[in-house]
Structure formats: C-alpha cells, structure tokens
1. What is the chain's relative contact order, in percent, from Cα pairs under 8 angstrom and six or more apart in sequence?
2. Karplus couplings for the range 95-103 from phi (6.51 cos²θ - 1.76 cosθ + 1.60, θ = phi - 60°), rounded to Hz, Gly and Pro as x?
3. Positive end of the charge dipole of the chain (Lys, Arg +1 and Asp, Glu -1 on Cβ, about the Cα centre): tell me which of 61, 219, 146 has its Cα farthest that way.
4. Using the Cβ atoms and a cut-off under 12 Å, what net charge is assigned to the surroundings of residue 71, where Lys and Arg are +1 and Asp and Glu are -1?
5. Quick one: ranking 4, 160, 24 by accessible area, 1.4 Å probe, largest first, what do you get?
6. Using a 1.4 Å probe and ignoring any ligands, DNA or RNA, find the accessible area of residue 158 and quote it in Å² to the nearest 10.
7. By DSSP, what percent of the beta bridges with both residues in the chain are antiparallel, rounded to the nearest 5?
8. With semi-axes √(5λ) of the Cα gyration tensor in Å defined as stated, name the option among (i) 39, 21, 16; (ii) 28, 25, 20; (iii) 36, 24, 15 computed from the structure displayed.
Amino acid sequence: MINHLVLHPRTKEQVMQFVARPGHATLLIGSNGTGKTALAKAMVSAALQLKPGMLDQYPYFALVTPEKNSISIDSIRQLQRFLQLKTLGDRPLRRAVIVEHAETLTAEAQNAYLKLLEEPPSDTLMILTADNQRALLPTILSRVQAVTVYAPPENELKQHFASLDKAQASIAQAYFLSGGLPGLMYALLDKDDAHPLISGVAQAKSILQKQVFERLAMVEGLSKQKEEARCVMQALQHIAQTCLGQAASKGDQAKLKQWHHILAVATEAEQALGQSANAKLVLSNLMLKI
C-alpha cells in the first residue's frame, strides 16, 4: 500500500516505522503539493489492513477538510459524534480519521480537537496533515508523532512517473512547474484540475511569460481571491526553486541571481498576503519586481 508511492528516504523510514507500529495520532508536515493526503490514506489503509482503493468506502473512516479556507468547531463536533459510534470487529485499530490542512483549524476547533487527542478512542487512528505546524497549538503538537514529508530526489521522481508510462517531456515539464512536489506532479500529469495548486501553477507560468503591463492587468482580479493569490505565490516559489537548481548545476550566475530574486519577492508576497496586507498593493509590487 505504501510501495506505490514515491517517497524521500527519510520520510519512507518514518512511514515504515509507523506501518510496523501505528501510533494513534500522527502529523504529516510538508509543503502544499508533497502528496500528504495520498500518503495519509496509504498509511491508514495499511494500518486498517484494507485493500488499495477501499478506504473511501470503509464505514469507519472520516476525512475532515477545510470549508472556505478553515475547519470550524462544527466540523469537529461532527467528528466527535462520529467517534462516539461503536465499531465492529476484533482488530486493535478499526477506525481512522484524516484531518487535511490542520493549520486551518480555528482556535475553537483546535481546543475541541485537543480533547479528542487527550482521550482518543482506543480503536481509532488519527492522522493530521499540515503545510506547517506553526499555526497549531503546542499542546496539539505535543500529542502527535510528527513525520516530515520531504520532496523525493529528482531522479527517483522521474523514474517513478516513467514507470507509469508518462512521456519524458511531460514529466520534465511537470517537474519544472511543480518544483519536484510529487502530489502536484501527479495532478499536472493526470490533468487533475481539482488540485488547489493547478490553477496557481497556470497563473504563475503566465505571469513569468508576460510583460510588466500585462502582469499589472492581472492584479485586479487576483487581488479579490486572496487564497488563490497565495497559491500563485507558492507556485512561483516552486518554479523558482527548480530553476535555481538548474542554474546552479550549469554555473549560470545571471540565472541564479534572477531566480533568487523571483523566489525572494514571491516568498515576501505570500507572507504579506498571509498577514492580511492590502492584496492589490502586494500584488502590484510583485508584478513590478519580477
């Protein structure tokens, strides 16, 4: 169940330790697009001894996802009711919960979830995913086993997708656009428009190809969708990081300087958007600097 995923060696080591001895509460930490949800589902399937593809039909499985960019107290109350139900069977672990983007849990929701972590049902496995752990309460972090989901090495990623009969040119382009994030690469190669970063990648690519006045024309629409704008900033960072690696391997100092600059301004813009700065001003500044 785990072997079909391509994982960084350090991540794989921790995941195999989990499979051998599942903990009741685990936090997967990694950049948006590293494939944390796919990994969480594979870990749950292994722990529950389910066949591939059967998890979504399993009656004792719940997936909690953000609605309107946050997970509310009502979602956690609903989860609490789910965990009060009796499970059938004699295996030690019979139920599982995955909480996606746990960093979006509201303060109330985190406090409610903390109670579940303090007194978890003995038959239940809980896995959280987060792009970063800074938004989570220290008391939550102290009650989970953290696993860092690193991006796999480039050669392993490309070999993996080649084994899935993906064209070499498509793999190279997907690697470039994703910054080597396997979850995002899957979405790009499978043309999965449901992935939240797909639209951001397309817009980031467009920004890099346009002239200044064309980029500025994009600000008005993008500024009204702050979360989408942040996805664009993340995509710009992924592309810049890939290009930095390519420039470094070639010793191209001019390109190194250019992509360092793009990475810096995209990172600065994403952080500003996350701090409720004026979106139009932040994006206009970005478009002028790239």
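The values are calculated or read from the model by the stated rules, or taken from the named source; none is laboratory data. A quick note: this is a predicted structure, and the numbers were derived from the prediction, not measured. When we count neighbours, we look across all protein chains shown, and the Cβ atoms used for this are built from the backbone with ideal geometry, even at glycine. What goes into the accessible areas is simple: the full protein's heavy atoms, side chains included, and nothing from ligands, DNA or RNA. Shrake-Rupley method; radii C 1.70, N 1.55, O 1.52, S 1.80 Å.
1. Numbers: 398 pairs, mean separation 55.5, N = 290.
Computed value for the chain: 19 percent relative contact order.
2. Each residue of the range 95-103 in turn: 9, 8, 9, 10, 10, 7, 6, 4, 5 Hz.
3. Among 61, 219, 146, the one farthest towards the positive end of the dipole of the chain is 146.
4. Numbers: positive: 68, 77; negative: 67, 74, 100, 103, 108.
So the surrounding residues net to -3.
5. Numbers: 4 110, 160 30, 24 75 Å².
Ranked list, largest accessible area first: 4, 24, 160.
6. 60
7. Values: 1 of 20 bridges.
Percent antiparallel among DSSP bridges in the chain is about 5.
8. (iii)
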